[in-house]
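Heads up, the thing below is written out as structure tokens.
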Amino acid sequence: MFSGASNYVRSTDLAFTIIFGISLFLLVLITSIMIYFLIRYNRKRNPVATQVKSSNALEITWTLVPIILVMIMFYYGWTGFEPMRNVPKDAMEIKAIGRMWTWSFAYNNGKVSDKLYVPFGKPVKINLMSEDVIHSLYIPAFRIKEDAVPGKNNYLWFIPEHPGTYDVMCAEYCGMRHSYMITQVNVMPEDSFNIWLNAGASASASPVEQGYQLIKDNGCIGCHSTDGTKLVGPSFRGSFGVKKTVISAGKEHEITVDKDYIYKSIVDPNADIVKGFNLGIMPSFKNKISDQDIDKISDYIKSLVRPQ
């Protein structure tokens, strides 16, 4: 009982079980007393109402007992919560970036992934940030959840106790595709994690393959599909070399989707908005994605043939 994927499972489940048990006990007790009173003091049995005198002992009892029960629940809740804010000094730090509607995770060596990879048995601190609206990093199996608020520094930490793969979700409604903001945390043996962390991009990976990895790592596919489906932003498929009607400074005009347009859309996404889509949703990636990487993204988008 109370075994789980992180160091918080036992304390969280214990607190939940105690609170649930007390609540269930009170529900049964109060409901039973209500039913008893309905039967015992039915109008047919007591046609004439009588005055009931007060009882100091009863009043003291129903005041003290709830206070004791609430303090018990508070104690187990606090002892479970308090360690969540005290990060070990040797914790490995990872930055979690929330944006509509994907997560990305940046490591101290510069590696970025759309999934969270952590070493088994080691404390991990996740520094939370959001590039647009409030998100909430939620790992149900770890029993942890914390908000990522624009302009605010926030964090959570944990020790993964069982190797495996676990779901990561957003627990704060953040827009139309909130329910699609799902990824995974992979808990790996430390040796395997170090190999993954220090492995660079495959030397044999083509610019197109690297471009696809870049749009995954930067959360682009949360808003732009690769199969022609219309999401929050235009689909990448079949867009390269095609003329689009865009709105610039309130005026409509036509452009051809080429490398220059893709570059401008990445560094200044609100300059030319494709007609039918909304202004102000996509953040700028200026100084976040290099010119060389933008070229690889362009190569990937160019590779997506137009739907037949």
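Take every Cα-Cα pair in the chain and report what % of them are more than 37 Å apart.
The calculated P(r) of the chain puts 38 percent of pairs beyond 37 Å.
So which trypsin sites (Lys or Arg not before Pro) in region 62-168 pass both tests, a DSSP loop state and at most 11 other Cβ atoms within 10 Å of the Cβ?
Filter output for region 62-168: K89, K152.
For the chain, what relative contact order do you get, as a whole percent, if you take Cα pairs closer than 8 Å and at least 6 residues apart?
The value is 15 percent.
Relative to the first principal axis of the alpha-carbon coordinates of the chain, what is the inclination of helix 9-40, with its axis defined by its Cα atoms, in degrees from 0 to 90 and to the nearest 10?
It is inclined by approximately 40 degrees.
Using a cut-off of 28 Å between alpha-carbon atoms, which lysines can reach K44, once sequence neighbours fewer than 8 places away in the same chain are excluded?
Straight-distance partners of K44: K53.
What value in Å³ per residue do you get for the convex hull of the alpha-carbon atoms in region 68-211?
So the per-residue Cα hull volume is 143 Å³.
Between M34 and S54, what is the FRET efficiency for a Förster distance of 22 Å, r being their Cβ-Cβ separation, to the nearest 0.05?
FRET efficiency, M34 to S54: 0.65.
At a Förster radius of 41 Å, what calculated FRET efficiency corresponds to the Cβ-Cβ distance of I72 and S192, to the nearest 0.05?
0.45
Between the alpha-carbon centers of region 87-136 and region 5-37, tell me the distance in whole angstrom.
If we compute the Cα centre of each part, the gap is 34 Å.
Using a Gaussian network model of the chain whose springs link C-alpha atoms within less than 10 Å, name the residue from Q292, Q51, Q210 with the highest mean-square fluctuation.
Comparing Q292, Q51, Q210 in the GNM, the peak value goes to Q51.
Run the numbers on region 119-252 and let me know its relative contact order in percent, using alpha-carbon pairs under 8 Å that are six or more apart.
About 18 percent, as a whole number.
On a 31 Å Cα-Cα criterion, which of the cross-link pairs K111/K251; K89/K111; K115/K244 come out too long?
K111/K251; K115/K244
Return the single residue from N218, N198, N46 with maximal mean-square fluctuation; model: Gaussian network over the chain, springs between Cα atoms under 10 Å.
Of N218, N198, N46, the most mobile in the Gaussian network model is N46.
How high is the FRET efficiency between K89 and W62 when r is their beta carbon distance and R₀ equals 45 Å, given to the nearest 0.05?
0.40
Sequence-distant or interchain residues sharing an amide H contact under 5 Å with A148, placed H: which?
H135, S136, L137
Once the Cα atoms of helix 291-303 and of the chain are each reduced to a long axis, what angle between those two axes, in degrees from 0 to 90 to the nearest 10, is obtained?
Value to nearest ten degrees: 90.
Under 17 Å Cα to Cα from K286, which aspartates and glutamates show up? Leave out anything in the same chain fewer than 8 places away.
Output for K286: E131, D132, D217, D260, D268, D272, D295.
Calculate, for the chain, the solvent-accessible area per residue in square angstrom, rolling a 1.4 angstrom probe over the heavy atoms of the protein chains.
Result: 60 Å² per residue.
Size of the dipole of the chain about the Cα centre, Lys and Arg at +1 and Asp and Glu at -1 on the beta carbon, nothing else charged, in debye to 20?
I would put it at about 1280 debye.
Could you give the size of the charge dipole of region 1-121 about its Cα centre, using +1 on the Cβ of each K and R and -1 on the Cβ of each D and E, expressed in debye and rounded to the nearest 20?
Value, rounded to 20: 540 debye.
Find how much the distance from A199 to K243 grows on full extension, using 0.36 nm per residue of separation minus their present alpha carbon separation; answer in nm with one decimal.
So the chain would gain 11.9 nm between A199 and K243.
The values are calculated or read from the model by the stated rules, or taken from the named source; none is laboratory data. For clarity, every value in this text was computed on a predicted model and none was experimentally measured. Quick reminder, even Gly has a Cβ in these numbers, built from the backbone with ideal geometry, and neighbours come from all protein chains shown. To get the accessible areas, we keep the full protein, side chains included, count just its heavy atoms, and leave off ligands, DNA and RNA. Shrake-Rupley method; radii C 1.70, N 1.55, O 1.52, S 1.80 Å.
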